[in-house]
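Asker: A single structure is presented below for examination.
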Amino acid sequence: MLTPTRRDFLGLSLAALASLSGFARAAPARLRAGTYFPWSTLADNVWVTVSPTQGGNVIVAKARDGCLVIDSKFAGMGPTLRREAADLAGPVRALLNTHHHGDHTGGNVAFADPNIDTLAHPKARARIREAHQQYLAQLRGAMRQLGPDLDPAVQAELDALLLREDRLTPQDWTPRKDAPLPDSGRGETDDLELLPGLNIRLGHYGPGHTDNDMTVWLCEADIVHTGDLCFHNLHPFFDASAGVTARGWITSLKAVLQRCTRDTKVVPGHGPVGDRAIIEKQIAYLEALIEAVAKEIRSGKTKEDISAMSWPFMEGLGFEQVRSRAINAVYDELAGSP
Ligand SMILES: [Zn+2]
């Protein structure tokens, strides 16, 4: 049985899963030729890269003098991500992580620089600090992960990072500061001028996809990066070791939805950019999953029976390999507190 473990996930599995998933065709048009990541323009001064084999979706937002990067993909991709972000929007001044998972934080290693403010939820920082071996494993697997026929510039950046491997420490990945959150620990901040000319708002609504999810709003552009609270056209990834809760996940998404206008652009953790409808779809999936599993529990089926089932709301989605994992996690959640 292929059961992804947390270790796999922090390492390489998502890219492997993605390459097998159904949605790999919908890559956006490249902004310019010759970039490693397929960048597309989301608004004035805001770019996104969405690619099923390159980890979580990343936003670059230009401020008056330099830019913010949201999430950092896998370790071996970090240096190239930093260079391409700077080419788009000037020197990187700040990096935010939406949560600790390795396909959103591996590239942090390339942003460990006193000139860059690095921030995440306090619980994300703690988990990132503990994941050093997983990040090193990502680095060692990077050649395979970055794909064949690598551009010489990308290869050189990876080689330079690999030369430093023995000297890298957990600090090289761990964001230096706690992201500002509301006093209660849940909800949203006021608008904050993170960089001159760039206002953001941060949200955390309790445990959902993980215990450290953070949504990042770009106020001027009316864009939200949901992190992995939203998977678009994909089965959502459930990580029992990170405090996942389907009910909390729904609560979080409903809070995000409340803040979305008709025009808000929604950047999910994985899958194509959309609008508030992709959040509604994610809520509907999670609600349907809870209802379906609860019904089967009531009918007396075992966990093993239920985990092999499927229902119409699950059809046609990518990341098929994590489908039964979602069912099992919801089973455990319901069995633990009916
Ligand atoms: Zn995640």
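Asker: Does any residue in the stretch 54-67 that is on the phi > 0 side of the Ramachandran plot and touching a residue at least 12 places away in the same chain (Cβ under 8 Å) come within less than 6 Å, Cβ to Cβ, of a residue that is surrounded by fewer than 19 Cβ atoms within 10 Å (Cβ to Cβ) and assigned to a loop (DSSP other than H, G, I, E, B) six or more places away or on a different chain, and which pairs are these?
Answerer: G66/G90; G66/P91
Asker: Let me ask something additional. Which fully enclosed helices (runs of 4 or more DSSP H) of the stretch 265-338 have 2 or more residues being buried (at least 20 other Cβ atoms within 10 Å of the Cβ) and among the small types (G, A, S)?
Answerer: Values: elements: 276-298, 303-307, 323-336.
So the answer is 323-336.
Asker: Being part of a loop (DSSP other than H, G, I, E, B), among the aliphatic types (A, V, I, L, M) and crowded, with 17+ Cβ neighbours inside 10 Å narrows it down to one of L161, L119, L181, L139, so name that one. So that I can check it myself, show each step before the final result.
Answerer: On the way: L161 fails: part of a loop (DSSP other than H, G, I, E, B); L119 fails: part of a loop (DSSP other than H, G, I, E, B); L139 fails: part of a loop (DSSP other than H, G, I, E, B).
The match here is L181.
Asker: Could you pull out the residue among A43, A89 that is touching a Phe, Trp or Tyr at 6+ places or on another chain (Cβ under 8 Å) and surrounded by fewer than 21 Cβ atoms within 10 Å (Cβ to Cβ)?
Answerer: On the way: A43 fails: touching a Phe, Trp or Tyr at 6+ places or on another chain (Cβ under 8 Å).
From the options A43, A89, the qualifying one is A89.
Asker: Given the residues L88, L42, L81, L31, which is the only one that is more than 15 Å from the ligand (Cβ to nearest atom), outside any helix (DSSP H, G or I) and at pLDDT 95 or above? So that I can check it myself, show each step before the final result.
Answerer: Details: L88 fails: outside any helix (DSSP H, G or I); L81 fails: outside any helix (DSSP H, G or I); L31 fails: at pLDDT 95 or above.
Answer to the selection: L42.
Asker: Would you check if D228 is surrounded by 24 or more Cβ atoms within 10 Å (Cβ to Cβ), among the acidic types (D, E) and in a loop (DSSP other than H, G, I, E, B)? Spell out the reasoning first.
Answerer: On the way: surrounded by 24 or more Cβ atoms within 10 Å (Cβ to Cβ): yes; among the acidic types (D, E): yes; in a loop (DSSP other than H, G, I, E, B): no.
Here the answer is no, as D228 does not meet what is asked.
Asker: Restricting attention to the stretch 231-247, which residues are within 14 Å of the ligand (Cβ to nearest atom), surrounded by 19 or more Cβ atoms within 10 Å (Cβ to Cβ) and in a helix (DSSP H, G or I)?
Answerer: Residue satisfying the conditions is A242 alone.
Asker: Moving on. Being loosely packed, with under 13 Cβ neighbours inside 10 Å and at pLDDT below 95: is that true of D166 here?
Answerer: Numbers: loosely packed, with under 13 Cβ neighbours inside 10 Å: yes; at pLDDT below 95: no.
Here the answer is no, as D166 does not meet what is asked.
Asker: I've got another one for you. Going through the stretch 91-116 one residue at a time, which ones are within 16 Å of the ligand (Cβ to nearest atom) and assigned to a helix (DSSP H, G or I)? Talk me through it step by step, then tell me what you get.
Answerer: The first filter runs over the stretch 91-116 and keeps only residues within 16 Å of the ligand (Cβ to nearest atom), leaving 96-108.
Scanning the stretch 91-116 gives G102, D103, H104, T105, G106, G107, N108.
Asker: Something else: Here is a list of conditions, (1) in contact (Cβ under 8 Å) with a residue 60 or more places away in the chain; (2) over 23 Å from D172 (Cα atoms); (3) not basic (K, R), and T80 meets all of them except one; can you say which number that is?
Answerer: (2)
Asker: Take T174 and tell me if it is within 16 Å of the ligand (Cβ to nearest atom) and either of a type in the set (S, T, Y) or over 28 Å from G271 (Cα atoms) (or both).
Answerer: Numbers: within 16 Å of the ligand (Cβ to nearest atom): no; either of a type in the set (S, T, Y) or over 28 Å from G271 (Cα atoms) (or both): yes.
No.
Asker: Sticking with this one: Six or more apart or on different chains, Cβ under 6 Å: which pairs go from a residue in the stretch 221-243 that's farther than 20 Å from V322 by Cα to one that's of a type in the set (F, W, Y) and more than 12 Å from the ligand (Cβ to nearest atom)? Could you list them?
Answerer: From the stretch 221-243, the pairs are V224/W217.
Asker: Also: Would you point out which residue out of I250, I279 is farther than 23 Å from R127 by Cβ and of a type in the set (V, I, T)?
Answerer: Of I250, I279, the one residue that is farther than 23 Å from R127 by Cβ and of a type in the set (V, I, T) is I279.
Asker: Further, regarding this structure: If you check D222 against the conditions, is it acidic (D, E) and surrounded by fewer than 23 Cβ atoms within 10 Å (Cβ to Cβ)? If you could, list the steps in order and put the result at the bottom.
Answerer: Details: acidic (D, E): yes; surrounded by fewer than 23 Cβ atoms within 10 Å (Cβ to Cβ): yes.
So D222 passes the test.
The values are calculated or read from the model by the stated rules, or taken from the named source; none is laboratory data. All of these numbers come straight from a predicted model, not from anything done at the bench. As a convention, Cβ positions derive from the backbone with ideal geometry for all residues, glycine included, and neighbour counts pool all protein chains shown.
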